[in-house]
Amino acid sequence: MRWPRLAGPAALGLGALHTAAFAPVEAWWLQILALAGLVALVARAASAGAGATRRAAALGVWFGLGWFASGLWWLFISMHHYGGLAAPLAAGAVGLLALFLALYPAAALAAWARWRRGRAGQDVALFAACWLLAELARASFFTGFPWIASGYAHSTGPLAAWAPWLGVYGILAIAAAASAALALAWRGPADGLADRPADRLAGAGVAAQPRAGAWSRWLPLLLVSGLAALGQGLPQAFTRSTGRLAVSLVQPNIAQDLKFDAARIDANLDALARAVEGARGTLVVTPESVVPLPLPAVPAEYWTRLAGAVAAPGRAALVGVFLGDEQAGYVNSMIGLGAAQAGRGVAGDDFYRYGKRHLLPFGEFIPPGFGWFVRAMAIPLDDQARGQSTAPMRLGAQRLRPLICYEDLFGEDLADSAVGPDSATVYVNASNLAWFGPRMVQDQHLQFSRMRALEFQRPVVRSTNTGATAVVDHHGRVSARLPPEVAATLEAEVDGRTGDTPYARWLAAAGLQPLWALALAVVGAMAWRPRRVPAAAGPGGGQ
């Protein structure tokens, strides 16, 4: 069978279709269909003679380019419009990032093509394991960048019920299995193996077996469908209420190119103070770095003013600012203000503080060898220090765990705050997505927050500069949201929760290691055993 010329462009289109499964479209079934189409392409590529592994890797690169270029195109805005890079350079940088990230699915497909066995059940399990390993690696290596990981497409739909049990990576493994089962049921599990020359198969240690019947092709799909349905019947209530909390989520809507403008900072800070003074909630939250200065550079009377606005008993504010100094490094932080600071600002050390721990490459820390690139964009405070504390801030019956910007992509970093008697009852995300414009990125980030709410059954409140400022309940539903790019304060209530989900318990105990171990065990078992493929059918014996 000839290698189809349009296989690469087809995989590119499937990658773009995969992106459409995420917010703002949110069609979970597109994720499964896109991945099933990719599996079918790889299976066909394997039937085109020698070089199956190489062709599978190439298809993974094409698919990854379509997926990541269409899902991360908004990075162009930050580099060109705000970073000042020429448009060709900014577009090239996005393309290079997409190409680098495409290496993960390429490796997964190459491994699957190399070690698939020709039996539907085993090939489905192998594909799910390879895809899981690729996504775990993307979330872990080089500090991790799991943006639009496959499992996030299932923040709604039937697989969402698995979130408090298996988390986003367990969900993506089930989705990958469903995709492979669908593709192999349609094409046949041994496609691409039975057509290889017999002497080549024998030399590779591949043993023959009787050709499987059609029922064995559809059985894995039925089993995976049953696994997806099983999630609907599993217990889902693991947390209980700690009471209602009135929140005021401030959205200043300050353009990124004006945020650090020295001529505008005083006016911006005054607008922020007026927003806090007008807020009605028990908890007032501002976006990250809404005070775009190191703490000592802000006049003491300004902190007294902000604290005075929430000085009534039982009220507090979480405000974004930079702690630290030039020698030790600046830390992107949230500080807590209340009655104790109303009379003297933040002169003492008895105010709550939380520093961002998982920093964004290029924007908040400079990877080795890329100083020239970051300097070309003139990003303010571009090489930051990491925060240390993970303790929540107490406010009445609630325990508030801040998450700054994309920290909420790393559920494994939050697990210790989701278990035990002192666990967080509300997650508070403070973000600034003004760097990237209002389209797609805001909805994607909100979708990730919804997955965290499902996994840990905790509400998530989000205060952002330009959007998406929102309240997500412990069922992962958005109960309130401000329109993007408006200056306003979202007044809402949230139900705090306490209790441990199964996912939180095993994640806190072992991290993602159980998933790594399971996936590696499956791949290892397939790699170290000889493949068995259907024997050639005799006259009248084909299907």
Going by the conditions given, is Arg44 surrounded by fewer than 18 Cβ atoms within 10 Å (Cβ to Cβ), assigned to a helix (DSSP H, G or I), of a type in the set (D, E, K, R) and in the same structural domain as Ile171 (by TED's automatic domain parsing)?
no
Could you grab me the full set of residues in the range 293-315 that are under 22 Å from Gln388 (Cα atoms) and either touching a His at 6+ places or on another chain (Cβ under 9 Å) or not in a helix (DSSP H, G or I) (or both)?
Leu293, Pro294
Unique match (being within 23 Å of Asn432 (Cα to Cα), surrounded by fewer than 22 Cβ atoms within 10 Å (Cβ to Cβ) and under 19 Å from the mean Cα position of the chain (by Cα)) among Trp29, Trp73
Trp73
Being in a helix (DSSP H, G or I), modelled with pLDDT of 95 or more and closer than 25 Å to Pro158 by Cα narrows it down to one residue among Leu38, Leu65, Leu12, Leu59; which is it?
Leu38
Of all residues in the range 233-270 being in a helix (DSSP H, G or I) and free of Cβ contacts under 8 Å to residues at least 12 places away in the same chain, the one that is surrounded by the fewest Cβ atoms within 10 Å (Cβ to Cβ):
Gly233
Take the residues of the range 335-354 that are in contact with a strand residue (DSSP E or B) (Cβ under 8 Å, 6 or more places away or on another chain) and either more than 12 Å from Leu295 (Cβ to Cβ) or free of Cβ contacts under 8 Å to residues at least 40 places away in the same chain (or both): which is surrounded by the fewest Cβ atoms within 10 Å (Cβ to Cβ)?
Phe351
Filtered residue count, the range 134-173, keeping only those that are touching a residue at least 40 places away in the same chain (Cβ under 8 Å), part of a helix (DSSP H, G or I) and in contact with a helix residue (DSSP H, G or I) (Cβ under 8 Å, 6 or more places away or on another chain)
22
Could you grab me the full set of residues in the range 108-148 that are surrounded by fewer than 21 Cβ atoms within 10 Å (Cβ to Cβ), closer than 27 Å to Gln232 by Cα and among the small types (Gly, Ala, Ser)?
Gly121
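Determine whether the range 275-282 contains at least one residue that is free of Cβ contacts under 8 Å to residues at least 40 places away in the same chain, charged (D, E, K, R) and either surrounded by fewer than 15 Cβ atoms within 10 Å (Cβ to Cβ) or more than 24 Å from Pro402 (Cβ to Cβ) (or both).
Taking the range 275-282 and keeping what is free of Cβ contacts under 8 Å to residues at least 40 places away in the same chain, we get 277.
Going one step further and asking which of them are charged (D, E, K, R), we end up with 277.
Subsequent filtering for residues that are either surrounded by fewer than 15 Cβ atoms within 10 Å (Cβ to Cβ) or more than 24 Å from Pro402 (Cβ to Cβ) (or both) retains 277.
Scanning the range 275-282, I find at least one residue that is free of Cβ contacts under 8 Å to residues at least 40 places away in the same chain, charged (D, E, K, R) and either surrounded by fewer than 15 Cβ atoms within 10 Å (Cβ to Cβ) or more than 24 Å from Pro402 (Cβ to Cβ) (or both), so the answer is yes.
Out of Ala510, Ala527, Ala519, report the one residue that is out of contact with any strand residue (DSSP E or B) (no Cβ under 8 Å at 6 or more places or on another chain) and modelled with pLDDT under 95.
On the way: Ala510 fails: modelled with pLDDT under 95; Ala519 fails: modelled with pLDDT under 95.
Step by step, each of Ala510, Ala527, Ala519 is checked, and only Ala527 is out of contact with any strand residue (DSSP E or B) (no Cβ under 8 Å at 6 or more places or on another chain) and modelled with pLDDT under 95.
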Among residues belonging to the range 240-284 that are of a type in the set (Val, Ile, Thr) and touching a helix residue (DSSP H, G or I) at 6+ places or on another chain (Cβ under 8 Å), point out the one that is farthest from Ala173 (Cα to Cα).
Val276
Would you mind stating whether Leu230 is free of Cβ contacts under 8 Å to residues at least 40 places away in the same chain, surrounded by fewer than 21 Cβ atoms within 10 Å (Cβ to Cβ) and in the same structural domain as Ile174 (by TED's automatic domain parsing)?
yes
Cβ-Cβ under 6 Å pairs, at least 6 apart or on other chains, the range 288-310 side not assigned by TED's automatic domain parsing to the domain that holds Gln256, far side surrounded by 18 or more Cβ atoms within 10 Å (Cβ to Cβ) and at pLDDT below 90:
none
Taking the range 179-202 and the residues there that are within 22 Å of Gly15 (Cα to Cα) and surrounded by fewer than 24 Cβ atoms within 10 Å (Cβ to Cβ), the one that is modelled with the lowest pLDDT would be Arg187
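The values are calculated or read from the model by the stated rules, or taken from the named source; none is laboratory data. Worth saying up front: this structure is predicted, and the values here are computed from it rather than measured. For neighbour counting, all protein chains shown are included, and Cβ atoms are generated from backbone atoms with ideal geometry for every residue, glycine included.
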